[in-house]
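Heads up, the thing below is written out as structure tokens.
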Amino acid sequence: IGPVFNNCPATLTLNCGDPLPAVVNPTATDACSGAATVVYNGQTDNGPQACPTNLVYTRSWTATDACGNNTDCVQTINYNPDIIDPVFNNCPPTVTLNCGDVLPAVVDPTATDACSGAATVVYNGQTDNGPQACPTNLVYTRSWTATDACGNNTDCVQTINYNPDLTDPAFNNCPATVTLNCGDVLPAVVDPT
């Protein structure tokens, strides 16, 4: 008769980001000799996985009695799938520019993931609502997508608005006031710029 484990660790299911629990060796008894020697065989896993929370860890122990009969105890530790989207650390804020201001340079933000710790950020480009009759009614939109190792993704969008043009145009060379004497001819019309 093989020995019997008194407290073989139960199967565990962990969520993304949870640490692996410490190894706690079970005990075992034997119906005949009363005592059994328990040996920890170690831990294996099905990794590496592209999505780290698809990992399954297996821990095993063997109990042997005085007559050489043995029994195995196996604990399985499963990680739940990662369903949490990554988070941008520094998504660029909305910007409002005045007439004549230059568009700011594109600066890629970074992102992290609660499970895998890393996320890949891709710049999707820039769009605008132009052309506009009044060019300072333009609105530019820049977007990025962050994707974690399990395929979860989130978007970051920056909006760049131009304030309406409220400044009147200025003449460069408006003709000056002229005073003529009797008999003088009116000067030719010269259009200013």
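Those residues that are in contact (Cβ under 8 Å) with a residue 60 or more places away in the chain, within 29 Å of Ala118 (Cβ to Cβ) and outside any loop (DSSP other than H, G, I, E, B), I need them from segment 1-42; list them, please. Once the filter is applied, which keeps residues that are in contact (Cβ under 8 Å) with a residue 60 or more places away in the chain, within 29 Å of Ala118 (Cβ to Cβ) and outside any loop (DSSP other than H, G, I, E, B), segment 1-42 yields Leu12, Thr13, Leu14. Within segment 167-182, residues that are under 30 Å from Thr136 (Cα atoms) reach partners that are of a type outside the set (Lys, Arg) with beta carbons closer than 6 Å, at six or more positions or on different chains, in the pairs Phe171/Pro192; Asn172/Thr193; Asn173/Pro192; Cys174/Pro192. On the given criteria, is Gly47 closer than 19 Å to Pro3 by Cα, of a type outside the set (Asp, Glu), assigned to a loop (DSSP other than H, G, I, E, B) and open to solvent by less than 50 Å² (accessible area, probe 1.4 Å)? The answer is no for Gly47. When each of Pro109, Pro92 is tested for being open to solvent by less than 50 Å² (accessible area, probe 1.4 Å), more than 30 Å from Leu55 (Cα to Cα) and in contact with a strand residue (DSSP E or B) (Cβ under 8 Å, 6 or more places away or on another chain), the lone residue that passes is Pro92. Looking across segment 145-193, the residues that are farther than 25 Å from Pro135 by Cα, charged (D, E, K, R) and out of contact with any Ser or Thr (no Cβ under 8 Å at 6 or more places or on another chain) come down to Asp184, Asp191.
Among (1) out of contact with any helix residue (DSSP H, G or I) (no Cβ under 7 Å at 6 or more places or on another chain); (2) modelled with pLDDT under 95, where does Asp82 come up short? So the condition that Asp82 fails would be (1). Give the residue, chosen from Thr159, Thr127, Thr141, Thr145, that is assigned to a strand (DSSP E or B), farther than 30 Å from Ala10 by Cα, modelled with pLDDT of 90 or more and open to solvent by 60 Å² or more (accessible area, probe 1.4 Å). On inspection, the qualifying residue turns out to be Thr127. For Thr177, the criteria (1) over 30 Å from Asn54 (Cβ atoms); (2) surrounded by 14 or more Cβ atoms within 10 Å (Cβ to Cβ); (3) out of contact with any Asp or Glu (no Cβ under 9 Å at 6 or more places or on another chain) hold in every case but one, which is (2). Taking residues in segment 65-94 that are within 30 Å of Gly47 (Cβ to Cβ) and aliphatic (A, V, I, L, M), and partners anywhere that are open to solvent by 50 Å² or more (accessible area, probe 1.4 Å) and in a loop (DSSP other than H, G, I, E, B), the pairs with Cβ atoms closer than 6 Å and at least 6 places apart or on different chains are Ile84/Ala114.
The values are calculated or read from the model by the stated rules, or taken from the named source; none is laboratory data. Owing to the predicted nature of the structure, the values given are computational and were not obtained by experimental measurement. Every residue, glycine among them, receives a Cβ derived from its backbone with ideal geometry; neighbour counts consider all protein chains shown. With ligands, DNA and RNA removed, areas are computed over all heavy atoms of the protein, side chains included. Shrake-Rupley method; radii C 1.70, N 1.55, O 1.52, S 1.80 Å.
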